[in-house]
Amino acid sequence: MVNRISEEVAESNRNGLLLTMVDTVLGTNHWMFHDLDRVISSKNSYGFMYCLLSLQVRMDYDSSCAVFRKKERNHWTVLFVRFYDRMMRCFVGEGQYWEEIRCNEDTTGIDLDTTGRRWEGSIMDSKPCGYGVLYDEENRVEYEGIMFGGRKTCFGKEYYSDINKLKYVGCYYDDDRCGKGILYTRDGTIDYDGIWVNNHYASSEFNGYVISSYTESVVIPNNLFSKIDSFALSSWAFSLKQMEIGDNCFGGVRFFSLDGLKQLESIVIRKECFRIGIKEQMNGSCRIMNCPKLQSIHIGDNSFYNYHSFELKALSSLRTLHVGINCFFWVTSFSLTGMTD
């Protein structure tokens, strides 16, 4: 199972948090791998980020949590945490070669600095690792939950240490609130109950570089993201309804895929998008499939000019398809299937 998870993460080249009902690695085989609730984010050097969130991120202690973090030299660190008995296993490696790294669970804790802050729980390499309790300088509880490499990870609880009241309960990735979480005010009322991304509330609005599971509309201005080589949205983008891409965007993309977007209603791609020059290229695949509410597709002039395949499949609500001049000029394969209920 570890190999399957490694392949999934390596293919998408993403770091982040994966909340799942996988329990096999922890010693039982009760759970199934296909029940994935994920919070995985990636950002490349060109500033475009996919952030995958799920409405079904689990908050209860009957679920398991796995954290993926890419390490140096293309090695992955994979954590499996079972909340109800605070069990954690850590694997480092790639492909078929994995090594289990064990935390020291016999320790009574360590001092974190000279001010008196300390950690009572398991450690690895002299840093908090696993389940434990973090105390502040005045011996008050600051945090209770999972840490890895000295940073909050997976799931935990923050406290207003001066009044010993719960401040936040939920998911973390790399010391940030990330995933499902509840923030409380000092008097105990709920301030926010929902999804977090990098310590901020998740939004349904596209901010120019993040597409999340809660994004409902994407509008990309002209002349952006010329160096990205793939554009793929799948069922994790379950809130997306409209997509509009401006002129001359994503010139380097050779794989365009929209698959399983259940709420998607319209696609507008302006002119000169998804095109490399005017010469024939020996690749380029565009596919739009399994979008049951999609009603219209508009593709502007010269977009997908040197793509070799164009596939539309299982678009039962599609009523309008507009393809401009010189789109798919070099296409050798066109497929249109499953267009009616």
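So which residues in region 269-312 are within 15 Å of PHE256 (Cα to Cα), in a loop (DSSP other than H, G, I, E, B) and among the basic types (Lys, Arg)?
Across region 269-312, the qualifying residues are ARG270, ARG275.
For region 89-96, indicate whether the set of residues that are modelled with pLDDT of 70 or more, part of a loop (DSSP other than H, G, I, E, B) and out of contact with any Gly (no Cβ under 7 Å at 6 or more places or on another chain) is non-empty. I'd like the intermediate steps shown before the answer.
First pass over region 89-96, keeping only residues modelled with pLDDT of 70 or more: 89-93.
Restricting the remaining residues to those that are part of a loop (DSSP other than H, G, I, E, B) gives none.
The answer is no; no qualifying residue exists.
Would you mind telling me which numbered condition in (1) under 31 Å from the mean Cα position of the chain (by Cα); (2) modelled with pLDDT of 90 or more SER122 fails?
Only one criterion is unmet by SER122, namely (2).
Test GLU142 against the criterion of being more than 14 Å from LEU79 (Cα to Cα) and modelled with pLDDT of 90 or more, and give yes or no.
Values: more than 14 Å from LEU79 (Cα to Cα): yes; modelled with pLDDT of 90 or more: yes.
Yes; evaluated as a whole, the condition is true for this residue.
Consider region 145-158. How many of its residues are crowded, with 22+ Cβ neighbours inside 10 Å and among the basic types (Lys, Arg)? Quick ask: steps written out before the conclusion?
Taking region 145-158 and keeping what is crowded, with 22+ Cβ neighbours inside 10 Å, we get 145-148, 152-156, 158.
Next, from what is left, pick out any that are among the basic types (Lys, Arg): 152.
Total satisfying the criteria: 1.
Is there a residue being farther than 25 Å from TRP330 by Cβ, part of a loop (DSSP other than H, G, I, E, B) and of a type outside the set (Lys, Arg) anywhere in region 241-255?
no
Can you name the condition, by its number, that SER161 falls short on among (1) at pLDDT 85 or above; (2) surrounded by 13 or more Cβ atoms within 10 Å (Cβ to Cβ); (3) among the polar types (S, T, N, Q); (4) under 30 Å from ILE269 (Cβ atoms)?
(4)
Look at region 301-325 and say how many of its residues are buried (at least 17 other Cβ atoms within 10 Å of the Cβ) and either out of contact with any strand residue (DSSP E or B) (no Cβ under 8 Å at 6 or more places or on another chain) or of a type in the set (Asp, Glu) (or both).
3
Return only the number of the condition from (1) of a type in the set (D, E, K, R); (2) modelled with pLDDT under 95; (3) crowded, with 16+ Cβ neighbours inside 10 Å that GLU280 does not satisfy.
Among (1) of a type in the set (D, E, K, R); (2) modelled with pLDDT under 95; (3) crowded, with 16+ Cβ neighbours inside 10 Å, GLU280 violates only (3).
Return the total of residues in region 207-237 being without any contact (Cβ under 8 Å) to a residue 60 or more places away in the chain, farther than 18 Å from ASN290 by Cβ and under 15 Å from the mean Cα position of the chain (by Cα).
The total comes to 1.
The rows are residues; the columns are (1) closer than 30 Å to GLY179 by Cα; (2) at pLDDT 90 or above; (3) basic (Lys, Arg); (4) surrounded by fewer than 17 Cβ atoms within 10 Å (Cβ to Cβ).
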| residue | (1), (2), (3), (4) |
| --- | --- |
| PHE206 | yes, no, no, no |
| ILE211 | yes, no, no, no |
| LYS227 | yes, no, yes, yes |
| SER235 | yes, no, no, yes |
| MET243 | yes, yes, no, no |
| ILE269 | no, yes, no, no |
| GLU272 | no, yes, no, no |
| SER296 | no, yes, no, yes |
| ILE299 | no, yes, no, no |
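Out of all the residues in region 245-254, which are surrounded by 16 or more Cβ atoms within 10 Å (Cβ to Cβ) and farther than 16 Å from HIS322 by Cβ?
Those that are surrounded by 16 or more Cβ atoms within 10 Å (Cβ to Cβ) and farther than 16 Å from HIS322 by Cβ: GLY246, ASN248, CYS249, PHE250, GLY251, VAL253, ARG254.
The values are calculated or read from the model by the stated rules, or taken from the named source; none is laboratory data. Remember, predicted model here, so these are calculated numbers, not experimental data. Cβ coordinates were reconstructed from backbone atoms using ideal geometry, including for glycine residues, and neighbour counts include every protein chain displayed.
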